[in-house]
1. Collect the residues in segment 380-433 that are open to solvent by 30 Å² or more (accessible area, probe 1.4 Å), more than 18 Å from Leu483 (Cβ to Cβ) and part of a strand (DSSP E or B), keeping them in residue-number order.
2. Kindly establish whether Ile622 is open to solvent by 80 Å² or more (accessible area, probe 1.4 Å), under 24 Å from Asn543 (Cβ atoms) and at pLDDT 80 or above.
3. Which one of the conditions (1) free of Cβ contacts under 8 Å to residues at least 60 places away in the same chain; (2) closer than 19 Å to Ser583 by Cβ does Ile515 fail to meet, given that it meets all the rest?
4. Val311 passes all but one of (1) in contact with a Gly (Cβ under 8 Å, 6 or more places away or on another chain); (2) in a strand (DSSP E or B); which number fails?
5. Taking Val181 and the conditions (1) aliphatic (A, V, I, L, M); (2) under 60 Å from the mean Cα position of the chain (by Cα); (3) at pLDDT below 95, which numbered condition does it fall short on, given that it satisfies the others?
6. Would you please name the residue that is farthest from Ala469 (Cα to Cα), looking only at residues in segment 342-388 that are of a type in the set (Phe, Trp, Tyr) and touching a strand residue (DSSP E or B) at 6+ places or on another chain (Cβ under 7 Å)?
7. With the condition kept exactly as written, say whether any residue in segment 355-377 is in contact with an Asp or Glu (Cβ under 7 Å, 6 or more places away or on another chain), hydrophobic (A, V, I, L, M, F, W, C) and more than 30 Å from Gly481 (Cα to Cα).
8. Please find, among Ala465, Ala502, Ala520, Ala494, the residue that is surrounded by fewer than 18 Cβ atoms within 10 Å (Cβ to Cβ) and under 30 Å from Glu400 (Cα atoms).
Amino acid sequence: MVRLLVAQTSSPHSGHKKEKTMALDPSQTPKDTLLPWPQHQSPSGLRRQKRDWVIPPINVPENSRGPFPQQLVRIRSDKDNDIPIRYSITGVGADQPPMEVFSIDSMSGRMYVTRPMDREERASYHLRAHAVDMNGNKVENPIDLYIYVIDMNDNRPEFINQVYNGSVDEGSKPGTYVMTVTANDADDSTTANGMVRYRIVTQTPQSPSQNMFTINSETGDIVTVAAGLDREKVQQYTVIVQATDMEGNLNYGLSNTATAIISVTDVNDNPPEFTTSTFAGEVPENRVETVVANLTVMDRDQPHSPNWNAVYRIISGDPSGHFSIHTDPVTNEGMVTVVKAVDYELNRAFMLTVMVSNQAPLASGIQMSFQSTAGVTISVTDVNEAPYFPSNHKLIRLEEGVPTGTTLTTFSAVDPDRFMQQAVRYSKLSDPANWLHINTSNGQITTAAVLDRESLYTKNNVYEATFLAADNGIPPASGTGTLQIYLIDINDNAPQLLPKEAQICERPGLNAINITAADADMDPNIGPYVFELPFIPTTVRKNWTITRLNGDYAQLSLRILYLEAGVYDVPIIVTDSGNPPLSNTSIIKVKVCPCDENGDCTTIGAVAAAGLGTGAIVAILICIVILLTMVLLFVVWMKRREKERHTKQLLIDPEDDVRDNILKYDEEGGGEEDQDYDLSQLQQPEAMEHVLSKAPGVRRVDERPVGAEPQYPVRPVVPHPGDIGDFINEGLRAADNDPTAPPYDSLLVFDYEGSGSTAGSVSSLNSSSSGDQDYDYLNDWGPRFKKLADMYGGGEED
């Protein structure tokens with residue numbers, strides 16, 4: 001209950017002070033009426049400036065239960081004693097959304113709230129009160145009304161998340177930060193209604209202590225409070241956190257809870273340890289990429305993490321690097337693998353010292369265990385190794401042509417198994433020409449045939465054979481060796497004459513034949529060559545001669561002045577330069593033929609040289625001429641026949657022939673006004689009904705009828721004037737009885753083009769000269785119409 005004192009201090013010039021206590025309506029309490037400042041007139045007659053109303057804020061508690069509408073205040077003007085005044089309010093909550101939260105009695109000025117308020121929805125309202133007379137004229141300036149909703153503790157704290165996840169390293173010291181949980185309260189945070197405090201309700205599991213963590217009651221930060229976090233014992237903690245408003249007062253505040261899951265992360269605080277101090281393995285000699293032993297370790301850190309993954313190292317016992325250790329990513333075992341072959345004859349066993357560690361370094365203060373080192377014993381087993389040839393490939397040199405049975409060399413193998421008493425046997429694996437033989441016991445190689453350097457099995461003078469050496473172990477083992485024989489050339493091939501065929505003119509001096517030789521041997525068993533003619537038969541030296549050009553070439557030419565055309569076999573002796581030299585008599589076929597001035601054989605000469613006589617050549621030429629003549633006559637006869645078929649002689653005087661002046665085109669029928677045809681006239685001739693298969697009546701006659709064609713009279717080649725009339729009559733009679741003669745009797749119907757054509761019917765033209773038509777104008781049309789003018793333009797006297 002408030003009692004207001006309205007006071008006014010006069011102007012300093014007035015020299016007095018005025019106080020006034022507002023009058024209250026008997027039916028109203030002091031708080032219900034608010035008075036504006038009255039208006040005063042200064043003694044000097046000047047009007048003082050009117051002051052605005054000063055209204056303290058109005059506080060309204062939220063969630064009020066009513067009854068509604070509930071009166072808040074009453075406003076009135078000091079002028080309502082003189083004139084009637086209407087009051088109104090504007091602003092959010094009155095005439096602006098949300099609408100009609102507040103209302104005012106326009107006559108009494110009482111202001112009401114119409115429903116319960118919610119501070120979380122809107123915490124304050126700003127309204128303006130207006131006073132007007134009955135005519136709507138403003139009586140007072142608007143006053144501002146501030147209404148504040150008083151907060152009530154009607155909202156619980158709400159956590160941002162219902163489950164929080166955090167982590168902390170094992171072995172962390174007390175006070176290590178873990179995570180932060182946050183809860184929000186919709187109530188006024190400046191009052192106890194919105195002040196949230198946190199506390200830990202429970203911790204699961206309670207090991208090694210029931211209070212491993214604590215929480216800052218104001219900020220929600222969770223930190224460790226005790227030592228002893230060990231992931232190998234407890235991997236995860238579940239903490240229930242409670243948030244309470246009213247500054248954590250459990251009696252009056254509202255609470256809510258959330259779950260904080262704290263994972264204990266692993267650190268490398270456990271070194272790996274071998275499950276036993278010694279391991280053993282076995283490996284056959286000469287075997288690589290073979291796992292000979294599996295090393296097992298135990299590590300209590302988190303599996304498949306760098307703190308758990310093992311790394312193995314061989315400290316000693318393998319100076320040559322025969323072994324390496326790979327880690328199995330699934331089991332973490334160490335696989336001892338042979339990477340370099342071991343030899344039983346050199347090392348029968350290996351003693352390795354192996355150490356294991358992790359990928360991640362150990363945590364501070366953790367030392368390696370003595371169990372992180374172990375010994376590995378690897379035994380090497382002896383296996384039957386294959387014999388081998390120390391010199392592979394082996395190369396020997398000898399002359400070709402050595403006799404069969406000659407000993408070439410001993411190609412023996414060595415058995416590496418020194419501690420086994422085994423015998424080695426030899427055999428051939430590859431001998432392309434089957435020239436060699438090997439002793440099965442000692443590997444001695446002898447020739448089984450004559451070695452030929454010029455053979456197809458020899459490449460670049462080298463013959464290659466492969467042999468097999470096998471022991472009698474269990475199981476047997478074998479090795480291969482390659483023997484290469486370089487064959488030195490001897491003069492064992494006579495030269496061959498080149499070319500085998502040639503041609504030359506029948507008279508000397510025009511051309512000659514260049515000859516040479518080919519020898520399969522090598523230098524110095526080839527050229528220079530000697531070319532000579534044999535003495536027998538004597539005609540060879542009589543008709544031919546050889547001229548030496550150089551060491552490899554010579555020329556063969558005619559000795560006599562003329563030699564009849566034909567083919568001659570000329571023997572020539574060729575001798576090489578080997579030691580001893582070899583000779584060969586070769587035959588060259590020489591075609592002798594007549595030549596032109598350039599020394600080239602003529603066509604007739606080439607034929608003659610091929611062995612045909614003069615009579616045969618003449619006969620062939622005559623046959624060719626006869627054949628060409630027959631072809632020409634046949635072509636002329638065909639052209640004449642074609643000309644006779646299409647050419648017809650005129651039966652009238654060329655002077656009277658009008659075909660050059662009058663052109664006959666296809667008749668297209670009558671016009672649209674000339675369609676009165678007698679269809680009965682389009683019947684087929686009765687004489688043809690026995691030929692046509694169609695039923696009697698009107699037929700389609702715009703096609704070629706099917707029937708026997710009459711025979712027209714044959715026009716004589718040279719017509720006689722007396723026979724012209726008979727010929728015309730016979731042709732006319734045959735045409736009248738020929739239904740196949742064009743144009744066919746047909747009714748040609750065209751598209752109707754409308755009545756009243758401007759062109760007259762052409763059917764009205766009369767071809768008779770007895771009409772009234774005057775054709776004299778044809779004389780004015782020029783020479784092209786002269787024939788028509790002569791025929792129709794002469795008048796009656798014509």
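1. Once the filter is applied, which keeps residues that are open to solvent by 30 Å² or more (accessible area, probe 1.4 Å), more than 18 Å from Leu483 (Cβ to Cβ) and part of a strand (DSSP E or B), segment 380-433 yields only Thr381.
2. It is false that Ile622 is open to solvent by 80 Å² or more (accessible area, probe 1.4 Å), under 24 Å from Asn543 (Cβ atoms) and at pLDDT 80 or above.
3. Unmet condition: (1).
4. Result: Val311 passes all but (1).
5. Every condition holds for Val181 apart from (3).
6. Among those residues, the one meeting the criterion is Phe350.
7. Yes: segment 355-377 contains one or more residues that are in contact with an Asp or Glu (Cβ under 7 Å, 6 or more places away or on another chain), hydrophobic (A, V, I, L, M, F, W, C) and more than 30 Å from Gly481 (Cα to Cα).
8. Ala520
The values are calculated or read from the model by the stated rules, or taken from the named source; none is laboratory data. As the structure is a prediction and not an experimental result, all values here were calculated from the model. Please note: Cβ atoms are built from the backbone with ideal geometry, for glycine as well, and neighbour counts cover all protein chains shown. Only protein heavy atoms, including side chains, enter the accessible area calculation; ligands, DNA and RNA are left aside. Shrake-Rupley method; radii C 1.70, N 1.55, O 1.52, S 1.80 Å.
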